[in-house]
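Quick notes on the structure that follows.
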Amino acid sequence: MQTRACTDDVVLRLDRLQSRFREGPCFAAGSASDRSVITVPDTAAEKRWPRFAAEAARLGVRSVIACAVTVPGSGMLSLNLHALTPEAFDPVATRNATFLAAYGAAVLGQARLAENLNSALANRQAIGEAGGILMERHRIDSAEAFARLSRASQRLNVKLRLLAEYVVRTGADPDDIGPDDLTGR
């Protein structure tokens, strides 16, 4: 479990506590097969996670909601809400927290998709440029240029993008590149 953002040090301490003890509402929500919403109406009376509950109550946090969601490409994330009063989250607040968590997951999923598409475009650019160099140099078509880059990538056990960037940067022919050329040794 890793905290991506929090509102204050108390929340961060509680998240770290859940990670260390492997117990608590966030941990339970993320471990549930249905990506549950876990509520803690009153940490002072909570029996499921005694170490977490005792520390939360000692720090003044009396109510908690943990809404776990799955984000494609990122795994499980949880929106955790904390309150200083017992039974602070009624059914409407719980439903709203669930909607907010789902909306956040959708936004994060779209951001991940955009990041992947931008990366793919950058990769395509480098591979296309390297292929163009080979096409001009050897008077071959794009399929053969890509095949040469792919074979060299597999032989060298490096990502095609890294090999293509090296070809573009140095003008080296993929068949003449050795493993040491790419590692800088």
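The values are calculated or read from the model by the stated rules, or taken from the named source; none is laboratory data. Since the structure is predicted, the reported quantities are computational estimates derived from the model, not experimental observations. Note: ideal-geometry Cβ built from the backbone for every residue, glycine included; neighbour counts use all protein chains shown.
Miscellaneous remarks
- ARG112 vs. criteria touching a residue at least 24 places away in the same chain (Cβ under 8 Å) and among the basic types (Lys, Arg): yes
- Per the conditions (1) surrounded by fewer than 20 Cβ atoms within 10 Å (Cβ to Cβ); (2) farther than 16 Å from ALA5 by Cβ; (3) of a type in the set (A, V, I, L, M, F, W, C), the sole criterion not satisfied by PHE52 is (1).
- Taking first residues from region 119-132 that are in the same structural domain as ALA143 (by TED's automatic domain parsing) and within 17 Å of PRO174 (Cβ to Cβ) and partners that are in a helix (DSSP H, G or I) and acidic (Asp, Glu), the Cβ contacts under 8 Å between residues at least 6 apart in sequence or on separate chains come to ALA126/GLU165; ALA130/GLU165.
- Total residues in region 106-118, condition surrounded by 14 or more Cβ atoms within 10 Å (Cβ to Cβ) and either of a type outside the set (A, V, I, L, M, F, W, C) or under 14 Å from SER36 (Cα atoms) (or both): 2
- Filter result (surrounded by fewer than 14 Cβ atoms within 10 Å (Cβ to Cβ) and either under 38 Å from the mean Cα position of the chain (by Cα) or assigned to a helix (DSSP H, G or I) (or both)) within region 133-148: GLU136, ARG137, HIS138, SER142, ALA143
- Residue match in region 113-120 (condition: of a type in the set (Asp, Glu), more than 30 Å from ALA56 (Cα to Cα) and under 29 Å from the mean Cα position of the chain (by Cα)): yes
- Once region 12-23 is narrowed to residues that are touching a residue at least 40 places away in the same chain (Cβ under 8 Å) and crowded, with 18+ Cβ neighbours inside 10 Å, the residue that is farthest from GLU46 (Cα to Cα) is ASP15.
- Where helices (runs of 4 or more DSSP H) fall entirely within region 1-108, those with at least 1 residues that are touching a Pro at 6+ places or on another chain (Cβ under 9 Å) are at 9-21, 50-58.
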